[in-house]
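For reference, the structure is listed below as structure tokens.
The values are calculated or read from the model by the stated rules, or taken from the named source; none is laboratory data. If you're wondering where the values come from, they're calculated on a predicted model, not measured in any experiment. Note: ideal-geometry Cβ built from the backbone for every residue, glycine included; neighbour counts use all protein chains shown.
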């Protein structure tokens, strides 16, 4: 029976938190190891590709979490507009609690690495596509035609990420609330 990867999960979780708060370039491997409690030798055991391999896995993990959250919210939302509004409300609370210091670990990492690192770029593209698929399905279920739901869902992901950056820069959740209201109106008009 293979050994349970003792420190792999801790390193990924540490990388997600650090990338969210300070970005990819400002996060060193020693800091990831220190905050995860993993011994130095475990880094290259689990991530032979070093920091880029951890970066790709952190982006993948963060993307999966957002997809799961969106999927859960979609199950109890009346459509894409409500889904996005509820998600942005969660983000606003998270940003307030962090003192507007945290951001999206995916966006911060991609801004610093794409297109140089293909594995990180691909993990980010997959995450954004998965989020858009959840929003698209919610839009389609509320009656938005698929040919309109698909681009609107991708636009919604772009608007969410942009609003999150503006929220962090402004130290204020207003951009998230404004994005939620505008996206709700767009989806409502598209389904009419």
Within the range 34-45, the residues that are modelled with pLDDT under 95 and either within 16 Å of residue 55 (Cα to Cα) or in a helix (DSSP H, G or I) (or both) are 40, 41, 42, 43, 44, 45
Within the range 91-106, residues in contact with a helix residue (DSSP H, G or I) (Cβ under 6 Å, 6 or more places away or on another chain), part of a helix (DSSP H, G or I) and surrounded by fewer than 23 Cβ atoms within 10 Å (Cβ to Cβ) come out as 91, 92, 95
Only one of 158, 179 is buried (at least 22 other Cβ atoms within 10 Å of the Cβ) and assigned to a helix (DSSP H, G or I), namely 179
If we ask which residues in the range 107-126 are assigned to a loop (DSSP other than H, G, I, E, B) and either at pLDDT below 90 or touching a helix residue (DSSP H, G or I) at 6+ places or on another chain (Cβ under 7 Å) (or both), their number turns out to be 3
Can we say residue 149 is closer than 26 Å to residue 101 by Cβ, crowded, with 23+ Cβ neighbours inside 10 Å, touching a helix residue (DSSP H, G or I) at 6+ places or on another chain (Cβ under 9 Å) and at pLDDT 95 or above? no
Taking the stated definitions as given, is residue 114 under 21 Å from residue 165 (Cβ atoms) and free of Cβ contacts under 8 Å to residues at least 60 places away in the same chain? yes
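Per-residue answers, yes or no, for (1) surrounded by fewer than 18 Cβ atoms within 10 Å (Cβ to Cβ); (2) closer than 30 Å to residue 189 by Cβ:
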{"position": "24", "(1), (2)": "no, no"}
{"position": "31", "(1), (2)": "yes, no"}
{"position": "41", "(1), (2)": "yes, no"}
{"position": "81", "(1), (2)": "no, yes"}
Would you mind telling me which numbered condition in (1) touching a residue at least 60 places away in the same chain (Cβ under 8 Å); (2) touching a helix residue (DSSP H, G or I) at 6+ places or on another chain (Cβ under 6 Å); (3) closer than 20 Å to residue 58 by Cα residue 160 fails? (2)
Matching residues in the range 171-192 - criterion: being touching a residue at least 60 places away in the same chain (Cβ under 8 Å), on the phi < 0 side of the Ramachandran plot and within 21 Å of the chain's Cα centre (by Cα): 172, 173, 176, 177, 179, 180, 181, 183, 184
In the range 67-79, residue surrounded by the fewest Cβ atoms within 10 Å (Cβ to Cβ) [restricted to those that are assigned to a helix (DSSP H, G or I) and free of Cβ contacts under 8 Å to residues at least 60 places away in the same chain]: 75
